[in-house]
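For reference, the structure is listed below as structure tokens.
The values are calculated or read from the model by the stated rules, or taken from the named source; none is laboratory data. The structure presented is a predicted model; accordingly, all values stated were derived computationally and were not measured. Here the Cβ is made from the backbone with ideal geometry for all residues, glycine too, and neighbour counts use every protein chain on show.
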Amino acid sequence: MANTTFNKEEKAAMRAAAAEAKAAQAGADLEAACLSAIAQMSGLDQELASALHELVRQHTSLRAKTWYGMPAYANAEGKVVVFFQAAAKFQARYATIGFQADAHLDAGNFWPTSFALTGLDAQVKGKIIELLQQAVS
């Protein structure tokens, strides 16, 4: 019987997470790894990931790294606050910007933790900046 628990993309993501943990312990340049992950993307995924990277750099003190092979940004304790997931990663129709539990986005009993991203205009950039600033507040 074939193993259907994890698909090949999920297995690759787990391998990437293990490699990232090992690299972090060895003192690797985590920002370089993030930029490399962005450089390996193509088309709109690369454009969106690059733009998010710049917004995070300009508007927060989060540190770039990778998380399951995707660009991510961690707080001073090393906890991922926000990440980018390329549409191509799991053959999705849109890229995703996601926020982890250490993001300060709580709003009562119900709030979004990820957002589909299909393009960037001034309004979308503004909303992302607001979310980033709230996430690190």
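Residue by residue through region 69-85, note down the ones that are farther than 18 Å from Asp121 by Cα and surrounded by 19 or more Cβ atoms within 10 Å (Cβ to Cβ). If the condition is that a residue be farther than 18 Å from Asp121 by Cα and surrounded by 19 or more Cβ atoms within 10 Å (Cβ to Cβ), then Gly69, Met70, Pro71, Ala72, Tyr73, Ala74, Val80, Val81, Val82, Phe83, Gln85 are the ones that fit.
Filtered by the rule that a residue be of a type in the set (A, V, I, L, M, F, W, C), under 13 Å from the mean Cα position of the chain (by Cα) and surrounded by fewer than 20 Cβ atoms within 10 Å (Cβ to Cβ), region 34-54 gives Leu35, Ala51. Counting the residues of region 60-69 that are over 22 Å from Glu130 (Cβ atoms) and of a type outside the set (Lys, Arg) gives 4. Cβ-Cβ distances below 6 Å connect the following pairs, each with a first residue in region 62-83 that is at positive phi, a second residue that is outside any strand (DSSP E or B) and modelled with pLDDT under 95, and a separation of six or more residues or different chains: Tyr68/Ala13; Tyr68/Ala16; Tyr68/Ala17; Gly69/Ala13; Gly69/Ala16. If only residues of region 55-68 that are among the basic types (Lys, Arg) and more than 23 Å from Asp121 (Cβ to Cβ) are counted, the one that is surrounded by the most Cβ atoms within 10 Å (Cβ to Cβ) is Lys65. Here is a check on your reading of the model: is Ala86 in contact (Cβ under 8 Å) with a residue 24 or more places away in the chain, out of contact with any Phe, Trp or Tyr (no Cβ under 8 Å at 6 or more places or on another chain) and among the hydrophobic types (A, V, I, L, M, F, W, C)? So Ala86 fits the description; yes. Looking across region 87-104, the residues that are within 16 Å of Val56 (Cα to Cα) and not charged (D, E, K, R) come down to Thr96, Ile97, Gly98, Phe99, Gln100, Ala103, His104.
Which of the residues spanning region 73-90 are out of contact with any helix residue (DSSP H, G or I) (no Cβ under 6 Å at 6 or more places or on another chain), within 14 Å of Met41 (Cβ to Cβ) and not aromatic (Phe, Trp, Tyr)? Listed by number, the residues that qualify are Gln85, Lys89. Restricting Ala103, Ala116, Ala95 to those that are among the aliphatic types (A, V, I, L, M), touching a residue at least 12 places away in the same chain (Cβ under 8 Å), surrounded by 15 or more Cβ atoms within 10 Å (Cβ to Cβ) and closer than 24 Å to Ala12 by Cα reduces the list to Ala95.
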